[in-house]
Amino acid sequence: MKLQQLRYVWEVARRGMNVSAAAQSLYTSQPGISKQILQLEQELGVQIFVRSGKHLTGLTPAGEKILEAAGEVLLRVDNIRQIAQEFSSEEAGSLTIATTHTQSRYVLPAVISRFVAQYPAVSLHMHQGTPLQIAEMAARGAADFAIATEAMELVGDLVMMPCYRWNRVLLLPKEHPLLKAKPVSLADIAQYPIVTYVSGFTGRGKLDEAFRAEDLAPRVVVTAADADVIKTYVRLGVGIGIVASMAFDAAKDTDLVSLDVSHLFAYSTTRIGFRRGAFLRHYMTDFMKMFAPHLSQELVERVLESNSQHEVDQLFAKLPIPVLP
């Protein structure tokens with residue numbers, strides 16, 4: 001059994017049984033991967049993948065167990081590599097962050113600017129996607145950190161820590177009738193067409209829950225994952241906008257008016273997640289502290305020593321989580 005064979009099995013599975021995509025990702029040939037997987041199956045005496053002709057269609061029961069064990073082996077190998085790099089070159093390495101548009105556009109720029117200035121020899125990579133996609137990237141080791149508000153809990157093998165709480169603002173064109181409502185209510189908002197986030201993005205679930213609790217059926221006419229797109233349609237007069245508070249820039253969005261509606265919606269919590277059992281280099285923990293200053297080295301070490309996400313949640317339940325303006 002070779003480590004490379006386990007890597008091939010892992011990559012093929014995470015690429016949806018697409019051997020060609022796995023070969024491209026690993027910079028090797030499709031026939032080479034297929035040959036190595038067959039050799040591994042022959043050595044083990046079991047089939048790892050279900051086949052339909054020449055195509056892989058899924059994992060066998062044995063394959064599911066082998067894949068789980070292979071993931072643990074590859075994680076430990078990667079940890080060994082990270083430990084060696086930590087001692088051989090403390091200030092150099094790479095950091096991959098998977099996150100949403102809202103985080104990358106409105107929250108992370110200042111943090112990343114500070115991080116790059118402090119660690120110029122660290123290559124930093126950012127990937128954007130849905131909350132579920134970025135959580136899966138961190139869980140399979142394709143990203144060091146996932147930063148999102150929703151769906152993180154749907155993916156196993158992640159350690160998640162709360163970074164900050166936030167709420168929403170209502171975006172209106174100047175002189176909109178709702179500017180006269182003091183304070184604005186959910187019933188007031190429901191009278192107008194709404195432009196807001198796609199389901200599953202940026203706390204959309206909290207918004208829907210609030211309207212349901214009041215037995216209101218808002219008219220959501222346009223949805224987007226990008227707050228800048230939402231602003232565009234508000235400017236066009238398509239509807240009123242509901243976005244995360246950090247997505248409004250008073251200096252740039254001078255043609256819009258922002259109303260605080262935190263009294264109408266429950267607060268959402270943005271979290272940072274990483275693969276359970278992963279070795280975190282010191283610049284990785286420094287990044288977390290830059291992003292969420294309350295994540296001290298001592299606190300992170302306690303999280304790393306935890307045995308479950310439930311223990312982590314209990315730990316943070318006793319601590320105040322910062323609220324973003």
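Observations
- Verdict on Ser185 being modelled with pLDDT under 90 and surrounded by fewer than 23 Cβ atoms within 10 Å (Cβ to Cβ): no
- Residue within region 271-290 that is modelled with pLDDT of 95 or more, open to solvent by 10 Å² or more (accessible area, probe 1.4 Å) and aliphatic (A, V, I, L, M) present: yes
- For region 188-236, the set of residues classified as open to solvent by 70 Å² or more (accessible area, probe 1.4 Å), basic (Lys, Arg) and under 18 Å from Phe248 (Cα atoms) consists of Arg235 only.
- Ser123 vs. criteria within 30 Å of Ser268 (Cα to Cα), exposed (fewer than 13 other Cβ atoms within 10 Å of the Cβ) and modelled with pLDDT of 90 or more: no
- Near pairs, Cβ below 8 angstrom, 6+ apart or cross-chain, from region 100-125 (over 15 Å from Met284 (Cβ atoms) and outside any helix (DSSP H, G or I)) to any residue that is open to solvent by less than 30 Å² (accessible area, probe 1.4 Å) and not acidic (Asp, Glu): Thr100/Gly129; Thr100/Pro131; Thr100/Ile134; Thr100/Ile147; Thr100/Ala148; Thr100/Thr149; Thr100/Phe201; Thr100/Thr202
- Output for region 29-51, where each listed residue is touching an Asp or Glu at 6+ places or on another chain (Cβ under 6 Å) and open to solvent by 70 Å² or more (accessible area, probe 1.4 Å): Gln47
Per-residue answers, yes or no, for (1) without any contact (Cβ under 8 Å) to a residue 60 or more places away in the chain; (2) farther than 30 Å from Glu175 by Cα; (3) assigned to a strand (DSSP E or B):
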| residue | (1), (2), (3) |
| --- | --- |
| Tyr233 | yes, no, no |
| Ile242 | no, no, yes |
| Met246 | no, no, no |
| Ala251 | yes, no, no |
| Leu264 | no, no, no |
| Gly273 | no, yes, yes |
| Phe279 | no, yes, no |
| Phe287 | no, yes, no |
| Pro293 | yes, yes, no |
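- When region 162-215 is filtered for residues that are of a type in the set (S, T, N, Q) and assigned to a loop (DSSP other than H, G, I, E, B), the ones remaining, listed by number, are Asn167, Ser185, Gln191, Ser199, Thr202.
- Selection status of Ile97, part of a strand (DSSP E or B), crowded, with 17+ Cβ neighbours inside 10 Å and out of contact with any helix residue (DSSP H, G or I) (no Cβ under 7 Å at 6 or more places or on another chain): yes
- The set of residues from region 52-86 being open to solvent by 80 Å² or more (accessible area, probe 1.4 Å) and either at pLDDT 80 or above or closer than 21 Å to Ala139 by Cβ (or both) comprises His55, Thr57, Pro61, Glu64, Lys65, Glu68, Glu72, Arg76, Ile80, Arg81.
- Within region 126-137, the residues that satisfy the criterion of being in a helix (DSSP H, G or I) and in contact with a helix residue (DSSP H, G or I) (Cβ under 9 Å, 6 or more places away or on another chain) are Pro131, Leu132, Ile134, Ala135, Glu136.
Residue-by-condition table, conditions (1) within 13 Å of the chain's Cα centre (by Cα); (2) surrounded by 22 or more Cβ atoms within 10 Å (Cβ to Cβ):
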| position | (1), (2) |
| --- | --- |
| Ala92 | no, no |
| Arg114 | no, no |
| Tyr119 | no, no |
| His127 | yes, no |
| Asp144 | yes, yes |
| Ala151 | yes, no |
| Asp157 | no, no |
| Arg165 | no, no |
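The values are calculated or read from the model by the stated rules, or taken from the named source; none is laboratory data. Just so you know, these numbers come straight off a predicted model, no measurement behind them. As a convention, Cβ positions derive from the backbone with ideal geometry for all residues, glycine included, and neighbour counts pool all protein chains shown. Keep in mind that these areas ignore ligands, DNA and RNA; they rest on the heavy atoms of the full protein, side chains included. Shrake-Rupley method; radii C 1.70, N 1.55, O 1.52, S 1.80 Å.
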